[in-house]
Amino acid sequence: MFSSIQITNYNFTCIILYRHNIQRWNNLKRVLEWINSFSGAEVIIVEQDTHSKIGHLNFPAKHIFTKSNMPFNKAWAFNVGLKHATTDVIVFGDCDLVMDPQKMINALRMLDQYECVSPYSRVIDLNQNEVNLPLEELSKIERPGRGETDIQKICLAGGIIMYKKDAIYKIGGWCEDFVGWGGEDDYQSHKSKMFLNCYEQQGTTCYHLWHERGAPDPTPYQRNLALLNKLVQLPL
């Protein structure tokens with residue numbers, strides 16, 4: 001389990017997306033335990049499915065269910081959560097990512113100077129034996145992570161990304177034209193870099209909780225890739 005030490009108060013809203021399976025459910029509970037170590041955090045869970053499948057949570061969080069028979073639309077769900085946020089700092093996150101709480105706070109404090117902050121520069125994919133380790137133990141993992149090679153760069157708006165609320169509205173939130181897997185975080189990164197003052201925190205690691213990975217459906221992925229290539233070439 002993760003550390004339960006309460007971190008210095010910092011008011012922010014963390015929006016987490018969710019679609020149910022048992023591994024995501026276990027990961028979500030661990031992420032909520034991590035987020036609730038921040039004494040100033042407002043947590044919003046946006047569940048997108050045919051019917052709600054979230055069970056009882058022992059953590060304070062707003063649960064918003066959005067009924068959908070369509071493939072998962074990450075951007076739409078993020079925008080839904082954004083409408084319910086009550087703080088001036090917004091953190092968008094996946095339901096399977098955690099990082100050192102103090103380094104998270106360090107990144108949040110950079111929003112005093114910047115409009116958009118990416119809090120880490122590499123991602124370590126945990127295996128089944130590591131997924132329940134305390135954060136203090138995760139920090140001892142020494143193998144290279146994603147973001148340390150030219151093959152797997154870290155996307156600015158992929159995983160966990162932080163904004164001032166007025167900045168995310170300034171760029172129109174997230175583009176909901178990307179349906180299914182891929183493309184939405186790349187386009188969000190493009191918009192953010194074009195229109196906002198962005199900061200990428202270096203030398204900091206994020207940990208990706210283990211779950212089985214299925215191959216993405218190639219049809220929506222290719223459509224999203226074509227849409228991304230079209231949008232980034234539009235004159236701004």
Kindly check whether there is at least one residue in the stretch 186-193 that is touching a helix residue (DSSP H, G or I) at 6+ places or on another chain (Cβ under 9 Å) and farther than 23 Å from residue 91 by Cβ.
-> no
Would you say residue 51 is under 17 Å from the mean Cα position of the chain (by Cα), within 25 Å of residue 175 (Cα to Cα) and open to solvent by 20 Å² or more (accessible area, probe 1.4 Å)?
-> no
Only one of 101, 119, 71 is surrounded by fewer than 18 Cβ atoms within 10 Å (Cβ to Cβ) and in contact (Cβ under 8 Å) with a residue 24 or more places away in the chain; which?
-> 71
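Say we look at the stretch 104-116 and pick out the residues that are of a type outside the set (Lys, Arg) and surrounded by fewer than 19 Cβ atoms within 10 Å (Cβ to Cβ); which of these is nearest to residue 12 (Cα to Cα)?
Looking at residues that are of a type outside the set (Lys, Arg) and surrounded by fewer than 19 Cβ atoms within 10 Å (Cβ to Cβ), I get 105.
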So which pairs qualify, if the first residue must be in the stretch 125-151 and farther than 11 Å from residue 205 by Cα and open to solvent by 60 Å² or more (accessible area, probe 1.4 Å), the second must be among the hydroxyl-bearing types (Ser, Thr, Tyr) and at pLDDT below 90, the Cβ gap must be under 9 Å, and the two must be at least 6 apart or on different chains?
-> 136/3
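The values are calculated or read from the model by the stated rules, or taken from the named source; none is laboratory data. Computed from a prediction, not measured in an experiment: that's the story for all the values here. Please note: Cβ atoms are built from the backbone with ideal geometry, for glycine as well, and neighbour counts cover all protein chains shown. These accessible areas exclude ligands, DNA and RNA; they are computed on the full protein's heavy atoms, side chains included. Shrake-Rupley method; radii C 1.70, N 1.55, O 1.52, S 1.80 Å.
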